[in-house]
Amino acid sequence: MMEMLTKLEPRYEKKRTLLIDELDEFNEIIFVTTGTVCIGYEINKVKNFCIKYTDKCVIGAFGCTFNHRASFIYMANTDIHGYSIRKSNWQLLLTENPEMNTALKQNVLVEYISKIRGKVMVAKNRALKKMQQRSDH
């Protein structure tokens, strides 16, 4: 675990900065210590945010751990301060620590599906259904 702490880099992003857009590749995991991050989706060039995390959240753990692209939009709603670890360093830590690998991957997967993907997809499907019911569409 000490190895991970030595690989962390300080991270600062200004208010309204787009951290990750849909279909972008995750190149790092961001550990936000202070600030607000919004997570959402885009339909017809209109961005909608349905989840807001204030202080102490992790961005990109699922994408870096399982080598997936972003399904949603991540934006800094306020100035954020925290730390980041590059994807290559993260993958190296996982391969060098097999005793931690399985539990960590399982926690990352459950956290992503229950707290992010489930909520955003419900909101996105609701918005799509509402759009399909419009008479001018």
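The values are calculated or read from the model by the stated rules, or taken from the named source; none is laboratory data. What you see is a predicted model; the values in this text were computed from it and never measured. Positions of Cβ are generated from backbone atoms using ideal geometry, with glycine treated the same way; all protein chains shown enter the neighbour counts. Surface areas here come from the heavy atoms of the whole protein model, side chains and all, with no ligands, DNA or RNA. Shrake-Rupley method; radii C 1.70, N 1.55, O 1.52, S 1.80 Å.
Put simply, of Thr34, Thr54, Thr78 the only residue that is out of contact with any helix residue (DSSP H, G or I) (no Cβ under 6 Å at 6 or more places or on another chain) and within 21 Å of Lys119 (Cα to Cα) is Thr54.
Could you give me the residue pairs with C-beta distances under 8 Å whose first residue belongs to segment 111-131 and is closer than 16 Å to Lys52 by Cβ, whose second residue is in a helix (DSSP H, G or I) wherever it lies, and which are 6+ apart or on separate chains? That search, which allows pairs on different chains as well, returns Ile116/Phe62.
Scanning segment 41-60 for residues that are touching a strand residue (DSSP E or B) at 6+ places or on another chain (Cβ under 9 Å) and over 16 Å from Ile80 (Cβ atoms) turns up Tyr41, Glu42, Lys47, Asn48, Cys50. The residues in segment 79-109 that are open to solvent by 80 Å² or more (accessible area, probe 1.4 Å) and touching an Asp or Glu at 6+ places or on another chain (Cβ under 9 Å) can be counted, and the count is 4.
Beta carbons closer than 7 Å, at least 6 apart along the sequence or on distinct chains, pair a first residue in segment 1-23 that is aliphatic (A, V, I, L, M) with a second that is outside any loop (DSSP other than H, G, I, E, B) and open to solvent by 60 Å² or more (accessible area, probe 1.4 Å) for Leu8/Tyr83; Leu23/Arg69. Using the structure shown, decide if Glu22 is over 14 Å from the mean Cα position of the chain (by Cα) and more than 18 Å from Val108 (Cα to Cα). So Glu22 fails the test.
For segment 1-41, a tally of residues being open to solvent by 90 Å² or more (accessible area, probe 1.4 Å) and among the charged types (D, E, K, R) returns 3. If the condition is being touching a strand residue (DSSP E or B) at 6+ places or on another chain (Cβ under 6 Å) and either closer than 13 Å to Asn27 by Cβ or surrounded by 18 or more Cβ atoms within 10 Å (Cβ to Cβ) (or both), then segment 61-78 contributes Ala61, Cys64, Arg69, Ala70, Phe72, Ile73, Tyr74, Met75, Ala76. Just one of the numbered conditions (1) farther than 21 Å from Arg16 by Cβ; (2) open to solvent by less than 20 Å² (accessible area, probe 1.4 Å); (3) not aromatic (Phe, Trp, Tyr) is not true of Val120: (1).
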